[in-house]
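**Q** Below is the structure I would like to discuss, written out as structure tokens.
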Amino acid sequence: MQKVYLDNAATTQVRDEVIAKMQEALAVYYGNPSSTHSFGRSAKTAVEKARKTIAKTLNAQPSEIIFTSGGTEADNMILRCAVRDLGVKTLITSKIEHHAVLHTAEELEKEYGISLKFVGLDADGNPDLNHLQTLLTQDDSKKLVSLMHVNNEIGNIIDIKSIGKLCHEHGALFHSDTVQSIGHYPWDVQTVPVDFMTAAAHKFHGPKGIGFAFIRKNSGLKPLIFGGSQERGFRAGTEPFHNIVGLEEAFVQAYEHLDEEIKTIKELKHYFIEKVKQEIPDAVFNGLSADLEKSTYTLVNVRLPFDKQKGLMLLFHLDMKGIACSKGSACQSGSNLGSHVLTEILPEEELEKPSLRFSFSMYNTKEELDYTVQVLKEFAES
């Protein structure tokens, strides 16, 4: 049976170069980075080298990069510490954010009594900047805006520069979950007015369990996790050195090959969209995911012309045919709940039809996409 992996927005295949670097780290550089002997110093040097590599690529300062266990921890840390330490009384976000942001915001509302506001969305899932401005000017409370750069389900790309500028014009802090875009797009934090960003290595062919937060210098945030003095005292706990080395290598490889991989993956996405239109003409693409300029080149979200009962069997059928994709985000695909993103932007009658997210990488081929569309077509006709 042919195996086709089209769930790269959930996690990616680890590059061979990353595996080699991690194996070397596990076998040779096994000292605790906090130890003062030569074994520890070797590990500490590598950790700081990784921090400097990431900072240089983002045009940040090394002290602004804090290693975390991934995007979820980084989002939690930033939102919680902003409320606790910076006097944030109003948190503005949208109802189509990742649950790492949405659920954290809901908990902060309960714990601290903050005002939680949701910016309006258009029919495609884009934030209404006029409404955002209204929310920013409703009162004089300290505000934090949290809007993801690339939506993980429908792929929409927000105008991060305009939003950041608007936030700062009104004295608000701006956090963006950039888990789906770091490693996939070039960044310069000196030209993008964002105070906080987050990343996860496994989204760009690195290991799971490691990521980082960008926290702009002199933010005023204090530690969320206490213990040792790791990460300049900002995040206690022995650094997972092998994962940090893997993160660095994945990050370096991603940006060394960025232009060619964007071109390759964008062509795959375009090819897939055209094949679906040709073979399943009644299919509809959700959000802006079929727009090659306004959505990420890495994914597409397609609504298929099946009834609810048939749709219940679709993912199982694809899995039996060796095809991996997601119904909504992988973070909720094991749940019986539908996609909270699509629930916000689609009419109720359209939610009855199954929607699937197909996400691509440089390891995919047009032949795999041909096979996938053919399986979908056969299922539609069965």
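**Q** Residues of the stretch 36-81 being over 18 Å from R235 (Cβ atoms) and hydroxyl-bearing (S, T, Y), which ones?
**A** T36, S38, S42, T45, T53, T57
**Q** What's the total number of residues in the stretch 70-110 that are part of a loop (DSSP other than H, G, I, E, B) and open to solvent by 20 Å² or more (accessible area, probe 1.4 Å)?
**A** Qualifying residue count, the stretch 70-110: 4.
**Q** Would you please name the residue that is least open to solvent (accessible area, probe 1.4 Å), looking only at residues in the stretch 1-22 that are more than 28 Å from L376 (Cα to Cα) and among the basic types (K, R)?
**A** This residue is R15.
**Q** Ok, one more. Residue by residue through the stretch 111-159, note down the ones that are part of a strand (DSSP E or B) and either among the hydrophobic types (A, V, I, L, M, F, W, C) or exposed (fewer than 15 other Cβ atoms within 10 Å of the Cβ) (or both).
**A** Residues satisfying the conditions are L116, F118, L121, L144, V145, V150, I157.
**Q** Right, another one. Quickly run through the stretch 48-69 and pick out the residues that are closer than 16 Å to W187 by Cβ, in contact (Cβ under 8 Å) with a residue 12 or more places away in the chain and either in a helix (DSSP H, G or I) or acidic (D, E) (or both).
**A** If the condition is that a residue be closer than 16 Å to W187 by Cβ, in contact (Cβ under 8 Å) with a residue 12 or more places away in the chain and either in a helix (DSSP H, G or I) or acidic (D, E) (or both), then R51, T53, I54, T57, L58, P62, E64 are the ones that fit.
**Q** Looking only at residues in the stretch 1-18 that are more than 19 Å from the chain's Cα centre (by Cα) and in contact (Cβ under 8 Å) with a residue 60 or more places away in the chain, which one is nearest to V245 (Cα to Cα)?
**A** Per the stated criteria, the residue is V18.
**Q** Only residues that are within 18 Å of T72 (Cα to Cα) and either out of contact with any strand residue (DSSP E or B) (no Cβ under 8 Å at 6 or more places or on another chain) or outside any loop (DSSP other than H, G, I, E, B) (or both): list them for the stretch 209-221, please.
**A** Passing the criteria: G209, G211, F212, A213, F214, I215.
**Q** What's the total number of residues in the stretch 337-382 that are touching a residue at least 24 places away in the same chain (Cβ under 8 Å), surrounded by fewer than 17 Cβ atoms within 10 Å (Cβ to Cβ) and acidic (D, E)?
**A** 4
**Q** Still on this structure, please answer the following. Somewhere in the stretch 222-238, is a residue modelled with pLDDT of 95 or more, of a type in the set (V, I, T) and either closer than 17 Å to K44 by Cβ or open to solvent by less than 40 Å² (accessible area, probe 1.4 Å) (or both)?
**A** Looking for residues that are modelled with pLDDT of 95 or more, of a type in the set (V, I, T) and either closer than 17 Å to K44 by Cβ or open to solvent by less than 40 Å² (accessible area, probe 1.4 Å) (or both), one finds none in the stretch 222-238, hence no.
**Q** Name the pairs: first residue in the stretch 22-41 and within 15 Å of V245 (Cβ to Cβ) and in a helix (DSSP H, G or I), second residue open to solvent by less than 100 Å² (accessible area, probe 1.4 Å) and β-branched (V, I, T), Cβ to Cβ under 9 Å, at least 6 apart or on different chains?
**A** Hits for this filter: M22/V14; M22/V245; E24/V245; A25/I244; A25/V245.
**Q** So which residues in the stretch 185-196 are open to solvent by less than 10 Å² (accessible area, probe 1.4 Å) and either assigned to a helix (DSSP H, G or I) or touching a residue at least 40 places away in the same chain (Cβ under 8 Å) (or both), if there are any at all?
**A** Hits for the stretch 185-196 are V189, F196.
**Q** When you scan the stretch 262-280, do you find a residue that is open to solvent by 20 Å² or more (accessible area, probe 1.4 Å) and assigned to a loop (DSSP other than H, G, I, E, B), even just one?
**A** no
**Q** Next question, about the same structure. For the structure I just gave you, tell me whether K203 is part of a loop (DSSP other than H, G, I, E, B) and within 25 Å of H175 (Cβ to Cβ).
**A** No: the conditions fail for K203.
The values are calculated or read from the model by the stated rules, or taken from the named source; none is laboratory data. Being a predicted model, the structure only gives us computed values, none of them experimental. Cβ atoms come from the backbone with ideal geometry, glycine included; neighbour counts cover every protein chain shown. Remember, those area values only see protein heavy atoms, side chains included, never the ligands or the DNA or RNA. Shrake-Rupley method; radii C 1.70, N 1.55, O 1.52, S 1.80 Å.
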